[in-house]
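The values are calculated or read from the model by the stated rules, or taken from the named source; none is laboratory data. Note that this is a predicted model, so its numbers are computed, not measured. Note: ideal-geometry Cβ built from the backbone for every residue, glycine included; neighbour counts use all protein chains shown.
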Amino acid sequence: MKLLIFDIDGTLTHLDGATSRAYAKAFEIILGRKPNTDGVSMHGRTDPLIFRECFERSGFTGDWRAPYEAFKPHYLHELPASIANTKRTFLHSGVRELLAALAERPEQFALALGTGNMEAGARVKIGYFNLSDYFPVGGFGDQHEERFMILRDAVTASESFYKTEFTPDDTWVIGDTEHDVRGAQAIGVKTLAVATGGKYSVEMLRETGADDVRPDLSETAEIVELFCR
């Protein structure tokens, strides 16, 4: 059985800034000012790391973790409305077709999430597109700042849930940024990088050393075959 660990933002979904808007509202509620996001990239980053950078760039000092814990419920409250009120939200090309094809072969493929989103936020995002049933388990950014730790959690959780030991050769991480690729390389698993997130081109992703790079996930049969190798 192959374990396929999917990123969310930029890989599965496009939310057109809904995450950033919910972040900003919750940040201002907790800390009394809008976050300074100059130079802060959300592409492929984890929720704790993004918050810490916004916290520091906005002029705050000291422990950021207590404000982060206070921030989380407000962010999760703001996120569903922020997504619903965003006009340009969609799944990237081929996503729904690929997930449906993989789900038809449960004896061959186990699906999981590997995302920098806190789990509750991740569930809001995939739930909006009715993808929740595809991903019963995963690794999330609730605590970890580093993506390799999240991906390691995804493997551990998947082995427990699917009652299968997944070797590195049987495990793929699918993402749209160098952070996904580097995190996967750090734990020794395979990578499929897709240039759907808007920041990284096919050429840029090839330079990361990803095992396979594609413009998107639209070639369903080819991608399923790739995972079977």
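Quick notes
Residues checked against (1) farther than 19 Å from ASP216 by Cβ; (2) modelled with pLDDT under 95; (3) assigned by TED's automatic domain parsing to the domain that holds GLU178; (4) assigned to a helix (DSSP H, G or I):
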{"position": "PHE51", "(1), (2), (3), (4)": "yes, yes, no, yes"}
{"position": "PRO73", "(1), (2), (3), (4)": "yes, no, no, yes"}
{"position": "LEU76", "(1), (2), (3), (4)": "yes, no, no, yes"}
{"position": "LEU98", "(1), (2), (3), (4)": "no, no, yes, yes"}
{"position": "GLU107", "(1), (2), (3), (4)": "yes, no, yes, no"}
{"position": "GLY116", "(1), (2), (3), (4)": "yes, yes, yes, no"}
{"position": "ARG123", "(1), (2), (3), (4)": "yes, no, yes, yes"}
{"position": "ILE126", "(1), (2), (3), (4)": "no, no, yes, yes"}
{"position": "PRO136", "(1), (2), (3), (4)": "yes, no, yes, no"}
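- Residue in region 154-181 that is surrounded by the fewest Cβ atoms within 10 Å (Cβ to Cβ), counting only those that are part of a helix (DSSP H, G or I) and within 13 Å of the chain's Cα centre (by Cα): GLU178
- Members of region 167-190 found to be within 12 Å of THR11 (Cβ to Cβ) and of a type in the set (Ser, Thr, Tyr), listed by number: THR177
- Selection of first residues in region 199-222 that are buried (at least 16 other Cβ atoms within 10 Å of the Cβ) and acidic (Asp, Glu) and of second residues that are assigned to a helix (DSSP H, G or I) and modelled with pLDDT of 95 or more, restricted to Cβ pairs under 7 Å at least 6 apart or on distinct chains, gives the following pairs, ordered by first then second residue: ASP212/LEU226.
- Residues that are without any contact (Cβ under 8 Å) to a residue 24 or more places away in the chain and polar (S, T, N, Q), drawn from region 86-142: ASN130, SER132
- Residue among PHE161, PHE129, PHE109 that is over 24 Å from PHE71 (Cα atoms) and either among the aliphatic types (A, V, I, L, M) or in contact with a Lys or Arg (Cβ under 6 Å, 6 or more places away or on another chain) (or both): PHE109
- Per the conditions (1) in a helix (DSSP H, G or I); (2) closer than 27 Å to HIS77 by Cα, the sole criterion not satisfied by ALA184 is (2).
- Of THR164, THR171, all but one fail to be in contact (Cβ under 8 Å) with a residue 40 or more places away in the chain, among the hydroxyl-bearing types (Ser, Thr, Tyr) and touching a Leu at 6+ places or on another chain (Cβ under 7 Å); the exception is THR171.
- Restricting attention to region 11-45, the residues that are touching a Ser or Thr at 6+ places or on another chain (Cβ under 6 Å), part of a loop (DSSP other than H, G, I, E, B) and in contact (Cβ under 8 Å) with a residue 40 or more places away in the chain total 4.
- Hits in region 94-117 (condition: surrounded by fewer than 21 Cβ atoms within 10 Å (Cβ to Cβ) and either closer than 20 Å to HIS43 by Cα or among the basic types (Lys, Arg) (or both)): ARG96, ARG105
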